[in-house]
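Take a look at the structure below.
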Amino acid sequence: MKKLERSLSLSYVIAISIGGMLGSGIFVLPGLASGITGSSVWLAYLLGALCVLPAALSKSELATAMPSSGGTYVYIERAFGPLFGTISGIGLWLSLLLKSSFALIGLSAYLSVLIEIDDGMARIVALGFLCFILLLNIFGVKKVGKVQLIIVTISLICLIAVFIFGFNNINTDFLGPFMSEGNAGLISAVAFVYISYSGVIKVAAIAGEIQNPNKNLPLAMILSLLSITAVYVFTAFILVGNVPPEVLAIDIKPVHTVANLLGGEYFGYTAAVIGVLTLMSGANSGVLASSRFPFAMARDLLMPGFFAKIHSKYLTPIVAILFTGLLMCLVILFLDVVKIAKLASAFMVMMFIAVNFCVIILRETSAQWYKPTYRSPLYPFLQAFGILSGFVLLILLGWMPLASIVVIFLIGFVVYLFIGKNATRTGVLKNYGHIPALFLFYKKDSPKTAGGLSDLSSSNLDGKLASDAGTIVPLLGNENSTEMLVEMACAINTRSSVQAVNITEVPNQTFLEALNKDTPKILSVERRLKKLSQSQNLNIDFESVVTHEVSNTIAELSAQTNCDWLVMGWSGRAHSGILVRNPIGWLLANVYSNFALFKDNGIKNIGKVLIALRPGRKDKNFLSVAERICSFYGASLTLLHITPGSFSEIDSKKMEEKSLLLLSRLKVPNNLRIQASEDPIDSISTISSEYDLLILGAPEKDNWIRILLGTGRDKFTENSACSVLRLTTKNEK
């Protein structure tokens, strides 16, 4: 299969991003927006940038984890699944082509300054420029990038000149009233100009064609957002301070108008020429980005296959580009300017909300393949602000844009029903979602039939699993010490062998067969475990597997081998969250064996083991596990009870007698330790400094506050000074 060429450098990416925003966002929209809010239109642009910032930072993170053509569509499809991927792809496609169509209509208005064009001819002229842009896109994105770079430079020089001349000519009479329609008008204007910032994130749609996307993509987004915000705010202020409000409110060529007022006829002509070039640049950028959505969707079997066709010579998605052009023709011919702008903004707000949700879902589920090289700051507060502000703006755009969003949902559902139903992916949310999320978005599969389990029925395993393995050790590549984890599994094991399985999770768009060959890292793990097996006379079998869904694969390993224990490395975080959970939480509910989580704090020689039963927990099985571990390492065992200050002397005596009876049955050196404390967490943390391994049971069910906040923190484990082994037995699930 032919691939898109990575030909765009950082300067070209910034040029495409700014070019996409310098068009209609400042050359057409400010006048119409001033009619909504008055002279506060510059503030509307500033607030719009603040609302866009969370999505820009979120998309920067997502793009470095998934640098492929398709941008936002890809992220939503990977997080929510193919159904919502189809809906989002269509919505994004339409929003960008609507904005590009809007730019071409504005272009004809600026061109009318230079040559005589009546209203009937204006749309014909827009169609002519559209044909030219389509040819430019087909011939290759590198040519597009070079054109963008030149036009953006000229446009910025023009706007700087307008600011220099206009700042000293501000008419304070034009600045009132500041908010002609009050707060509601200002926020409505923010929603109206929101689409102006779409260029800052739409460059992620061409991530597959950017050089060094991990570095250049987030850098280009952030730099272009800061730059364009300054341009928008200062230019909008000059416009409202120099053009009479009643004129500006209906003007779709405001930059020409202010240039003509400040510098005379020839300066106005110059601004008109630059306006034509800039708006063509914006439309050009929009066609470039929007055409990549049907292209990416076709590759994922969510659109007809012909959209994925790439030109044999120019390596551009020719069918997707031409079909995008056809839809733009219909928009230019049949929709008016304001409706186009509102529809484009509504679709973009909806997608920005989804982008912020994607970061939350992918971080909370901790999908193994999700490894962004850039991470959004202030998580999750920034994302929450982006989601809430997006819903407010969406409501204020009016009923028509909201109705159009409903229509897009219906169209996306129909397309998915007839075409996308063959897609094999399920989405991260389905695999790791809590019941509320599954009811909202999916019909939940049982663990035995979920999509990821079929991975094991193919040839993904390099060999056969050990049928007599009492303990399975899934290795995910993030363990502090693979040898220590497997050694702990051997200590717990009650059968003849331990099965270690290296699991590599990859995004759904990656073919598993392409990664069946063991990497040097996997070969290194295999060599070290073989050495461990020989040096300590342990029966350890090693296999490797590539999968799309790590949790389901681990659950299937447990079912296939009928093992007693699953032992995994752990950072201390288990689960929680209303809609999503960490894979560990999913496994606790779905595996068919006892479950042990080992938090390795770097202690290699285990000589003293502490077992602490959490308040309210009484599980005799823990003592038998602790005894096996102590026998394996030749260690001593201490049973710890933390009692509250209100604990009576009689109850304390009964506890001591019962505990000593249990300890007398063990065949390893042991002793009992009872300590009164009102703060069990602090006490166990302090005592753990005297030991090498702390054994705990699983905590009680999370309370509603922890579930709501999604903390998933185990404070006993988090505060321990030694390594921790947290046990969950079958009767607790």
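The modelled label-to-label distance for the pair D336/K604, using points 7 Å beyond Cα in the direction of Cβ, is 7.8 nm.
In whole angstrom, how far apart do the alpha carbon centroids of the range 155-179 and the range 213-246 sit? Cα centroid of the range 155-179 versus Cα centroid of the range 213-246: 15 Å apart.
In the range 344-376, whose amide N lies under 19 Å from the spot 7 Å out along Cα-to-Cβ of L226? List them in ranges. The answer is 374-376, whose backbone nitrogens lie closer than 19 Å to the label point.
Structural size metrics of the range 327-414, computed from C-alpha coordinates, are Rg and Dmax of 16.3, 48 Å.
One compactness figure for the range 10-417 is 0.92, namely its Cα radius of gyration divided by 2.2 N^0.38 Å. For G697, the residues 5 or more places off, or on other chains, whose built amide H falls under 5 Å of its own are R614, L727. Ordered by the count of other Cβ atoms within 10 Å of each Cβ, fewest first, S224, S558, S188, S648 give S648, S188, S558, S224. Near R527: Cβ cut-off under 12 Å, other residues only, Lys/Arg at +1 and Asp/Glu at -1. The net charge is +1. Placing a label point 7 Å from the Cα of I157 along the Cα-to-Cβ line, no residue of the range 22-39 has its backbone N under 17 Å from it.
Dipole size of the range 10-417 about its Cα centre, with +1 on Lys/Arg Cβ and -1 on Asp/Glu Cβ: approximately 1360 debye, rounded to the nearest 20.
Neighbour counting of Cβ atoms within 10 Å sorts the residues C358, C329, C722, C131, fewest neighbours leading, into C131, C329, C722, C358. Ranking V162, F295, T235 by how far each Cα lies toward the positive end of the dipole of the range 155-308 (charges on Cβ) leaves F295 at the top. Taking 0.36 nm per residue of sequence separation and removing the Cα-Cα distance, the D682/N169 pair yields an extension gain of 177.9 nm. Shown is the FRET efficiency for N621 and A384, computed with R0 = 41 Å from the Cβ-Cβ distance and rounded to the nearest 0.05: 0.50. State whether the range 155-305 is rounded, prolate or oblate according to the following rule on the C-alpha gyration tensor (a ≥ b ≥ c being the square roots of its eigenvalues): a/c under 1.5 gives rounded; otherwise a/b larger than b/c gives prolate, and the remaining case gives oblate. In terms of gyration-tensor shape, prolate. For the residue pairs K608/K658; K531/K608; K215/K517; K521/K604; K215/K530; K313/K339, alpha carbon separations beyond 32 Å are given by K215/K530; K313/K339.
Ranked by how many other Cβ atoms sit within 10 Å of their own Cβ, fewest first, the residues I274, I76 fall in the order I274, I76. Using the Cβ-Cβ distance between Q536 and D651 with R0 set to 25 Å, the FRET efficiency from 1/(1 + (r/R0)^6) comes to roughly 0.05. Averaging the Cα positions of each part gives two centres, and for the range 620-699 and the range 382-405 these lie 55 Å apart.
Cβ-Cβ distance of L661 and N562, R₀ of 25 Å, FRET efficiency by 1/(1 + (r/R0)^6): the value works out to about 0.15.
Computed from the coordinates by the stated procedures, all read-outs in this text should not be read as laboratory data. Model, not experiment: these values are computed from the prediction. When we count neighbours, we look across all protein chains shown, and the Cβ atoms used for this are built from the backbone with ideal geometry, even at glycine.
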